[in-house]
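Below is one structure, written out as structure tokens; comments come after it.
The values are calculated or read from the model by the stated rules, or taken from the named source; none is laboratory data. Just so you know, these numbers come straight off a predicted model, no measurement behind them. Quick reminder, even Gly has a Cβ in these numbers, built from the backbone with ideal geometry, and neighbours come from all protein chains shown.
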Amino acid sequence: MPLAGSDVKDPAGRADDAQAEPAFRPYVPDDQAPAELTARAVVLGVAFGVVFGARTVYLALKAGLTVSASIPIAVLAISVFKRLGSSTILENNIVQTIGSAGESIAPGSCSRSAASVVSRGAYAERASQPW
């Protein structure tokens with residue numbers, strides 16, 4: 001192990017100094033403040049949440065399975081925002097987050113309602129039998 005302050009080079013051959021470029025550079029720099037929580041992002045996210053939530057409920061009750069819609073919502077958000085004009089990556093993130101949160105609530109309600117129907121049916125059959 002080298003001593004502190006010695007001239008150490010990393011495997012790529014660069015000198016280890018305090019002026020080195022940081023390993024992580026964020027996509028949105030600190031000096032920028034792009035729009036994030038805008039009205040159009042919230043409205044679009046809620047609309048996608050309702051549409052994909054209804055689709056998830058229908059699919060869950062009809063076929064008995066659900067599919068996550070996070071990626072389709074993200075792709076559609078980018079497409080819709082391209083048609084409306086420009087958007088920021090943070091607005092797309094808000095749309096995807098709101099939309100996927102809205103559609104992820106639906107499967108829980110479907111499984112609970114299906115379980116209650118099944119359990120009531122089983123209980124009714126047992127209650128009608130005398131033994």
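Numbers at a glance
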read-out	value
Hits in the stretch 43-85 (condition: under 16 Å from Ser109 (Cα atoms) and not in a helix (DSSP H, G or I))	Gly64, Leu65, Thr66, Val67, Ser68
Residue in the stretch 32-48 that is aliphatic (A, V, I, L, M), at pLDDT below 80 and out of contact with any Phe, Trp or Tyr (no Cβ under 6 Å at 6 or more places or on another chain) present	no
